[in-house]
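Following: one structure in structure tokens, then a few remarks.
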């Protein structure tokens, strides 16, 4: 059997990150995990260890402390003995109305969803490019493909993140580092629980986790999960503004 | 993306009763509980009636509480969060030679649900119910207290089969069963009467770990009680354990005519004449036949269906129940018969007890269906049996009380911050 994959997951306690980590655990990967809550991280790490992962590092950190990014990535690289995959998965879903009325809330969500994710990508890219090897995955969202009335505070940060990942991937094209932009639709996680969504559009978190795992392992550049969202969003993006604005989405 | 004009939120498996059901997702076992009326944990929604629905407050969705906490592959002791499904447990432990000690007809039930309903399986005559195999439980009460419950404690006995009413079950520690492999050597034996079924069961109880019978729910007169008896034992298989299958989903709701008595009759006759011989079956297929078709409950259409599962001390009670169901034209796709053993459960409201349990699925056709089911309840009361709350959406308070003599003892342990629609209905 080949040596275990060395995987760093930032925002490891998010619902989607846990599902991706479960898929890696099933293939006996070596994991370094970073999240805000120490207790929740320990809960997740224990689960992954039972499932077969070797968890070599658990760090609790507020990823909005941008100056810590380099040290975190460096520490994980040392603990893992190298970086094969880095997944940036932290994020928040702000209440749209509250955020459009209170600029501080909007900015706070952008700090998490865009600023910290972008600078973290840069920190990870630096280490991976130096090693000339690795896959850098970032969780964006279909919400970033076109701003919609009921979540454009969130969507705008994801749009920026998608653009950033695109540019970073472009810059790193000859470095041996692959950037994977992941755009999930609504997923059955606590982040969206209680929201009135059509259940047919909400994907099972384990299906999504398995799909992201595969995309990271194959180094796909832009991946919609589930795949149908590629076509749904292609249509939505192509709609003329006047028509788009008439839709209740 | 909202769907106006439809009931929203989680449903029960029988899709009756329906209504707007608010729900709150729990991401972590220590998340604050919501305000706004009494709460109730909801796992995978496989309870058929209203015991998994809330009357006045929100449901707590527990499916994200699905992390393993510890597993010792030498002793077979597993601890996991209560939203973990039995299928997920099986998938983890089977390759290392273990299996959950009790497996129901579907793998899509959570550990918390398995505890709260004290579920049983085809090996009840050997292993008893799920509650017998628990080593400890984590329970959160609405007063903020957090408990580790162990067998022998009153609150443990109330929580096992406690319908989720004693608080939020946060984790479950369970003793798994050592197994030789992931395969079952299966036999199917046709029988023409309940006497024959009784005789085959008599011969099989000591030799087979798993026994269950399928009954032709529509046969009348001389043919009443005909069916197929399945029995099996775990065996070693070829190489690696069988993989967990992915169920294929029913595409949509069924048109009503599919469920007409004529169609049911044809379906039953066909089933009865299918060859059912297979010497070796994977544990997934053997234990979880209901999972062959995902979302099959929607075949019963918009109005939903009832399952009537009862236990009566002797086979004459089964005959009387079948006589009611077969003559009222309230047909049953699937009637399952199983003889429980005498191993008792710690659960105060535990359903399994010595005798025969019969489960029938009945499409909801309104008043006539309800009348037929009440007639069946009357038979159960006459024979001194009980109706299974996990399947129920309509039994009377009296039927419930007669079937569960430890009800008053149990009621003292109910958490005032927890309530179900079932509980509100039968206890007022």
Exactly one of A:42, A:35, A:26 is out of contact with any strand residue (DSSP E or B) (no Cβ under 8 Å at 6 or more places or on another chain), at negative phi and within 14 Å of chain B (Cβ to nearest Cβ), and that residue is A:26
Only one of B:138, B:152, B:164 is surrounded by fewer than 24 Cβ atoms within 10 Å (Cβ to Cβ), modelled with pLDDT of 95 or more and at positive phi. Can you tell me which? B:152
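Table: residues versus (1) assigned to a helix (DSSP H, G or I); (2) within 14 Å of chain B (Cβ to nearest Cβ); (3) at pLDDT 95 or above.
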residue: A:167; (1), (2), (3): yes, no, yes
residue: A:174; (1), (2), (3): no, no, no
residue: A:191; (1), (2), (3): yes, yes, no
residue: A:206; (1), (2), (3): yes, yes, no
residue: A:212; (1), (2), (3): yes, no, yes
residue: A:217; (1), (2), (3): yes, no, yes
residue: A:224; (1), (2), (3): no, no, yes
residue: A:242; (1), (2), (3): yes, no, no
Does at least one position in region B:31-39 carry a residue that is out of contact with any helix residue (DSSP H, G or I) (no Cβ under 7 Å at 6 or more places or on another chain), surrounded by fewer than 21 Cβ atoms within 10 Å (Cβ to Cβ), at the interface with chain A (Cβ under 9 Å from one of its Cβ atoms) and at pLDDT 95 or above? yes
Taking residue A:150 as the residue in question, decide whether it is surrounded by fewer than 18 Cβ atoms within 10 Å (Cβ to Cβ), touching a helix residue (DSSP H, G or I) at 6+ places or on another chain (Cβ under 8 Å) and modelled with pLDDT under 95. yes
Of all residues in region A:189-202, which are in contact (Cβ under 8 Å) with a residue 40 or more places away in the chain and crowded, with 16+ Cβ neighbours inside 10 Å? A:189, A:190, A:191
Selection from region B:378-399 of residues that are touching a residue at least 60 places away in the same chain (Cβ under 8 Å) and farther than 22 Å from residue B:102 by Cα: B:379, B:380, B:382, B:383, B:384, B:385, B:393, B:394
Out of (1) under 26 Å from residue A:217 (Cα atoms); (2) in contact with a helix residue (DSSP H, G or I) (Cβ under 7 Å, 6 or more places away or on another chain), the one residue A:78 does not meet is (2)
Of everything in region A:61-86, what is out of contact with any strand residue (DSSP E or B) (no Cβ under 7 Å at 6 or more places or on another chain), loosely packed, with under 14 Cβ neighbours inside 10 Å and not in a helix (DSSP H, G or I)? Give them in sequence order. A:62, A:65
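This table checks each residue for (1) within 30 Å of residue B:396 (Cβ to Cβ); (2) over 17 Å from the mean Cα position of the chain (by Cα).
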| residue | (1), (2) |
| --- | --- |
| B:59 | yes, yes |
| B:80 | no, yes |
| B:87 | no, no |
| B:93 | no, yes |
| B:119 | yes, no |
By my count, strands (runs of 3 or more DSSP E) wholly in region B:146-253 with at least 2 residues that are more than 30 Å from residue A:199 (Cβ to Cβ) and out of contact with any strand residue (DSSP E or B) (no Cβ under 6 Å at 6 or more places or on another chain) are none
Of the residues in region A:226-240, those that are over 17 Å from the mean Cα position of the chain (by Cα) and within 14 Å of chain B (Cβ to nearest Cβ) number 2
The residue that is farthest from the other protein chains (Cβ to nearest Cβ), considering only those in region A:147-165 that are part of a loop (DSSP other than H, G, I, E, B) and either without any contact (Cβ under 8 Å) to a residue 60 or more places away in the chain or closer than 17 Å to residue B:10 by Cα (or both), is A:147
If you check A:190, A:226, A:199, A:184, which single one turns out to be within 30 Å of residue B:67 (Cβ to Cβ) and out of contact with any helix residue (DSSP H, G or I) (no Cβ under 9 Å at 6 or more places or on another chain)? A:199
Do you know which residues across region B:42-58 are surrounded by fewer than 24 Cβ atoms within 10 Å (Cβ to Cβ) and within 14 Å of chain A (Cβ to nearest Cβ)? B:44, B:45, B:57, B:58
Could you check region B:172-194 and list, in sequence order, the residues that are over 24 Å from the mean Cα position of the chain (by Cα) and under 11 Å from residue B:234 (Cα atoms)? B:180, B:181
Just checking, how many residues over region A:1-20 are free of Cβ contacts under 8 Å to residues at least 40 places away in the same chain, more than 10 Å from every other protein chain (Cβ to nearest Cβ) and buried (at least 23 other Cβ atoms within 10 Å of the Cβ)? 0
Does region B:78-86 contain any residue that is within 14 Å of another protein chain (Cβ to nearest Cβ) and more than 25 Å from residue B:415 (Cα to Cα)? yes
So residue B:108 fits all but one of (1) in a strand (DSSP E or B); (2) closer than 25 Å to residue A:48 by Cα; (3) under 20 Å from the mean Cα position of the chain (by Cα); what number is the exception? (1)
Filtering region A:1-60 for residues that are in contact with a helix residue (DSSP H, G or I) (Cβ under 8 Å, 6 or more places away or on another chain) and part of a strand (DSSP E or B) leaves a count of 17
Any idea which of B:70, B:95 is at pLDDT below 95 and within 13 Å of chain A (Cβ to nearest Cβ)? B:95
Lone unmet requirement of (1) crowded, with 23+ Cβ neighbours inside 10 Å; (2) out of contact with any strand residue (DSSP E or B) (no Cβ under 6 Å at 6 or more places or on another chain) for residue A:98: (1)
Those residues of region A:218-249 which are closer than 29 Å to residue A:133 by Cβ and without any contact (Cβ under 8 Å) to a residue 40 or more places away in the chain amount to A:218, A:227, A:230
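The values are calculated or read from the model by the stated rules, or taken from the named source; none is laboratory data. What you see is a predicted model; the values in this text were computed from it and never measured. Here the Cβ is made from the backbone with ideal geometry for all residues, glycine too, and neighbour counts use every protein chain on show.
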